[in-house]
Amino acid sequence: MSPTRPAISLQQAVAEAPTLARLSRLAAESAARLTVVRPLLPPALRPLVQAGAPEGEAWTLLAPHNAAAAKLRQLAPALQAALAVAGHPVRTLRIKVAQARR
């Protein structure tokens with residue numbers, strides 16, 4: 001019988017695994033950015049827009065449909081300005097239509 005290892009918390013497991021730690025940091029950064037831009041979105045779009053992972057100075061917002069994506073593209077300069085003020089500078093803001101889950 002092999003000895004059992006003590007249980008560790010999820011946070012400890014993430015901290016000890018470099019890949020998980022990196023993914024955790026990216027998720028936290030993306031959530032922080034979404035928190036900054038969400039108040040600038042039209043109320044009907046706020047719960048529908050999703051955040052993608054940050055990639056250097058680029059970030060992706062996922063829109064539920066083409067009309068929402070068009071509106072996000074119109075708002076992109078204001079969203080980028082708000083992100084810069086909040087300490088999350090984004091040079092490239094990508095807007096993509098999320099694929100419907102089946």
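Only a single criterion out of (1) part of a helix (DSSP H, G or I); (2) without any contact (Cβ under 8 Å) to a residue 24 or more places away in the chain; (3) basic (K, R) is not satisfied by R33, namely (2). Scanning the range 47-56 for residues being outside any loop (DSSP other than H, G, I, E, B) and either of a type in the set (D, E, K, R) or open to solvent by less than 80 Å² (accessible area, probe 1.4 Å) (or both) gives a total of 2.
Pairing each residue of the range 78-90 that is touching a residue at least 40 places away in the same chain (Cβ under 8 Å) with any residue that is aromatic (F, W, Y) and open to solvent by less than 50 Å² (accessible area, probe 1.4 Å), provided the two are 6+ apart or on different chains, yields C-beta distances under 7 Å for V90/W59. Picking from residues in the range 57-78 that are surrounded by fewer than 16 Cβ atoms within 10 Å (Cβ to Cβ), part of a helix (DSSP H, G or I) and among the hydrophobic types (A, V, I, L, M, F, W, C), the one that is nearest to the chain's Cα centre (by Cα) is A78.
Would you say A44 is open to solvent by 20 Å² or more (accessible area, probe 1.4 Å) and touching a helix residue (DSSP H, G or I) at 6+ places or on another chain (Cβ under 6 Å)?
Values: open to solvent by 20 Å² or more (accessible area, probe 1.4 Å): yes; touching a helix residue (DSSP H, G or I) at 6+ places or on another chain (Cβ under 6 Å): no.
No, not satisfied.
The values are calculated or read from the model by the stated rules, or taken from the named source; none is laboratory data. Computed from a predicted model, the values in this text were never measured in an experiment. Quick reminder, even Gly has a Cβ in these numbers, built from the backbone with ideal geometry, and neighbours come from all protein chains shown. Quick note on the areas: whole protein, heavy atoms, side chains included, nothing else; ligands and nucleic acids left out. Shrake-Rupley method; radii C 1.70, N 1.55, O 1.52, S 1.80 Å.
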